[in-house]
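One structure is given below, encoded as structure tokens.
None of the figures in this text is laboratory data; all of them are computed from the coordinates on show. For clarity, every value in this text was computed on a predicted model and none was experimentally measured. Ideal geometry is used to build each Cβ from the backbone, glycine not excepted, and the neighbour counts take in all protein chains shown.
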Amino acid sequence: MGAVASTNAPLQVSTGNMYALAAFCILEGSPDLRDTHEQLKVAAVVVNRLNSSNWVREFGSGILDQLFAPGQFEVQPRYGLELDDFHSLDGATRALAAAKHSLSEQWARELMISFMRDAADPTKYQAAASAVGDATGFRGNGITNTFRQESPWDDDNLSSKQPSSIVVDWPGGDNPFF
């Protein structure tokens with residue numbers, strides 16, 4: 001798979017986009033919900049879609065556009081997640097806990113903060129993005145995900161467009177969690 005350009009700027013996202021991305025990646029990343037490397041690989045696939053003109057043309061240029069695109073990641077039908085779930089960390093943790101019935105809201109909150117922390121760490125994010133390369137999709141078997149090119153129309157060299165990390169553009173510039 002392709003190498004990630006470490007000189008790329010971080011991808012700055014809104015709180016709502018990060019909460020949605022975190023919830024989705026936690027649910028899809030690994031069966032035990034704890035493996036942030038696997039979660040970040042799922043995030044890298046979403047970012048690859050944001051960097052590929054065919055996915056943007058088809059579904060939109062935002063994280064929420066890609067996550068909630070009909071027939072794609074199945075965020076709504078599979079997990080019951082809704083766009084309104086991500087206006088606050090409390091709402092997002094409630095939605096994540098409801099999507100995975102064995103998950104308490106406290107544990108969901110801890111998982112989300114851990115994901116956000118690791119997504120903001122260039123070493124951790126780049127390792128995951130490098131493992132995914134140019135993949136724009138994945139299939140899971142309940143144990144592990146297989147990453148692959150989802151469309152023959154994907155742009156070339158998507159991995160070179162990966163950001164160094166994914167960071168939240170916190171209101172007021174202050175990070176309240178970590």
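Couple of notes before you dig in:
- Three-way shape label, region 87-126, alpha-carbon gyration tensor, a/c 1.5: prolate
- When the Gaussian network model of the chain links Cα atoms closer than 10 Å, the mean-square fluctuations of N157, N141, N51 top out at N141.
- The chain: most fluctuating residue of P122, P70, P163 per GNM, C-alpha cutoff 10 Å: P70
- Charges were assigned to the Cβ only: +1 to each Lys and Arg, -1 to each Asp and Glu. The resulting dipole of the chain about its Cα centre is roughly 260 debye.
- Of every Cα-Cα pair in region 121-178, the percent that sits beyond 16 Å: 59
- Prolate/oblate/rounded call for region 40-138, Cα gyration tensor, a/c under 1.5 rounded: oblate
- The string of couplings for region 10-27 from the Karplus curve (6.51, -1.76, 1.60, θ = phi - 60°) is x, 7, 9, 10, 6, 4, x, 5, 5, 4, 5, 4, 4, 4, 4, 5, 5, 5 Hz, one whole number per residue in order, with x for Gly and Pro.
- Between region 46-90 and region 99-178, the Cα center-to-center distance that results, in Å: 13
- Residue exposure sequence - W107, W153 - by fewest surrounding Cβ within 10 Å: W153, W107
- Entry note, region 46-178: relative contact order of 24 percent, from Cα contacts under 8 Å with a spacing of 6+ residues.
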